[in-house]
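To start, the structure under review is shown below, and the notes come after it.
Bear in mind that the values in this text are calculations on the coordinates, not laboratory data. Note that this is a predicted model, so its numbers are computed, not measured. Because the Cβ atoms are built from the backbone with ideal geometry, glycine has one as well, and the counts that use them run over all protein chains shown.
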Amino acid sequence: MLLTSDDGASVELRIAGYECPDVDLTDEADPEWELNWLVVEGRARTADGVTWSFAEPILTTWEARRLGVWLHAVVRGRIRRYRRRRNGMLTFTEPNLGFALRRHDGEDVVLRVRLGHESGPTGARRPSRHRDADVTLHLATGALRDAVTDWERELSAYPRR
């Protein structure tokens, strides 16, 4: 899923595969979780030109589906402000990714994407340390719809196990 803002900012998320494709169920305390973590490859660019990439297990199969459902609801104008957790962000088990709707006025949508921890940009002075970054995306509703459709098509290859 590639989300590209009219000001040059962008966030791309791709599913690289299951984190543990061959889990031995007898050795795991909670095999459902171990079986369903997805490695997400991402690239981000802020409007001022800061870029970075990552590949981390940051979503479960059900969280990845929830993201698609939420984004479809944004496209249809059914979400004005997401209030599930603090700061109005749609968040997940791992604190690496979050989405918030900032504005929806018919044909245009403004999303804030939070990328943090291992998914955030690496600090220049301390390369082993990561920091959170917010990427604000100004999108046409149609472009968001197309991106979500791509996300769901990609996700169909990774069912809940």
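Computed values, structure above
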item	result
For the chain, with +1 on Lys and Arg beta carbons and -1 on Asp and Glu, the positive-most of L137, A44, W62 along the dipole	L137
Between helix 141-155 and the chain: long-axis angle, C-alpha atoms, 0 to 90°, nearest 10	10 degrees
Simple label model, 7 Å out from Cα along Cβ direction - T93 to E118, nm	1.3 nm
Label-point gap, in nm, between R43 and R153 - each point 7 angstrom along Cα→Cβ	1.8 nm
Between 0 and 90°, nearest 10: helix 61-75 axis offset from the chain longest Cα axis	10 degrees
Structure-derived Rg and Dmax of the Cα atoms in Å: which label, when the choices are (1) 15.9, 51; (2) 15.0, 44; (3) 17.7, 63	(1)
Cα centre as origin, Lys/Arg/Asp/Glu Cβ charges: the chain dipole, Debye	1000 debye
Sequence-separation-based contact order of the chain, relative, with Cα cut under 8 Å and 6+ spacing, percent	24 percent
